[in-house]
Amino acid sequence: MNPEFWHKRWQKNEIGFHEKEGSALLKKYFHHLDMPENSKVFVPLCGKTRDIAWLLSHGIEVVAIELNQQAVEQLFVELGVTPDVSDQVDPESNLICYQAPYISVFVGDFFALTQTHLGQVNAVYDRAALVALPSDLRREYSQHLLKITANCQQLLICYDYAENLLNGPPFSVNEKEVLAHYQCPFSIKQLYYARIDGGFRGQEAVFEAVYLLAT
Ligand SMILES: C[S@@+](CC[C@H](N)C(=O)[O-])C[C@H]1O[C@@H](n2cnc3c(N)ncnc32)[C@H](O)[C@@H]1O
């Protein structure tokens, strides 16, 4: 998916992936992560997810990245927070950073983000990020994610459906693929696997899965 694809989706408000009430699966399974006091979670490819509001309301600091600036503007409006905006992150990355207490959201390409930008995080929350990318980019994504988070534990939410059933995104990422990306360095536990209620784009056989990736 090139950046234009996503910018057009945001421009036309074609954001069927956005959950107005946030993810029920995050609320149900977040406690499986080992989160000490004052923890920080990284939310890659965050869109304007309401999950960030939920994390903040539970005392979790959030750092996130999203390609589309309009999405990030909307995220902060919906949070009811006025951010400081800086395009002086560094001369090379072209990242812009929206910051307010307990939250930093970078606007730009995930692959331009470094461990230095991110700082130390206690966990990664990936909903609809890995599955947003075509297969050739998913390997690069998982490797980059491990590198910039220093193999940090992760709660991962994926879709699983038969190839040819749907045109992604979201792409199907089954358990075998999750293992291929992450079994080194993690032990991987599937916490949830169920058919999506009411189907997905007219298809019944689409499943949602939650994985805990921990060392
Ligand atoms: C399927 S949406 C998921 C958004 C969010 N995680 C959620 O649950 O609502 C994928 C998002 O990733 C963003 N995106 C795609 N490629 C990206 C990249 N290389 N760097 C940063 N964001 C990207 C898109 O603009 C889009 O908002």
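Here is a check on your reading of the model: is A162 surrounded by fewer than 14 Cβ atoms within 10 Å (Cβ to Cβ) and either touching a Ser or Thr at 6+ places or on another chain (Cβ under 8 Å) or of a type in the set (D, E) (or both)? For A162, the condition - surrounded by fewer than 14 Cβ atoms within 10 Å (Cβ to Cβ) and either touching a Ser or Thr at 6+ places or on another chain (Cβ under 8 Å) or of a type in the set (D, E) (or both) - is met.
A search for C-beta distances below 7 Å between a residue of the stretch 164-181 that is over 12 Å from A129 (Cα atoms) and hydrophobic (A, V, I, L, M, F, W, C) and any residue that is assigned to a loop (DSSP other than H, G, I, E, B) and modelled with pLDDT of 90 or more, counting only pairs 6+ apart in sequence or on different chains, returns L165/A205. Residues that are more than 16 Å from the ligand (Cβ to nearest atom) number at least 2 in the following strands (runs of 3 or more DSSP E) confined to the stretch 1-117: 84-86, 96-100. Taken over the stretch 25-49, the residue count meeting the criterion of being over 19 Å from T215 (Cα atoms), touching a residue at least 24 places away in the same chain (Cβ under 8 Å) and surrounded by fewer than 18 Cβ atoms within 10 Å (Cβ to Cβ) is 2. I'd like the residue in the stretch 157-182 that is touching a helix residue (DSSP H, G or I) at 6+ places or on another chain (Cβ under 8 Å) and assigned to a loop (DSSP other than H, G, I, E, B) and, out of all such residues, is farthest from A123 (Cα to Cα). Once the filter is applied, the top-ranked residue is G168. Assessment of the stretch 65-76 against the conditions (on the phi > 0 side of the Ramachandran plot and either modelled with pLDDT of 95 or more or of a type outside the set (K, R) (or both)) yields no matching residue.
The values are calculated or read from the model by the stated rules, or taken from the named source; none is laboratory data. These numbers were taken from a predicted model, which means no experiment stands behind them. Note: ideal-geometry Cβ built from the backbone for every residue, glycine included; neighbour counts use all protein chains shown.
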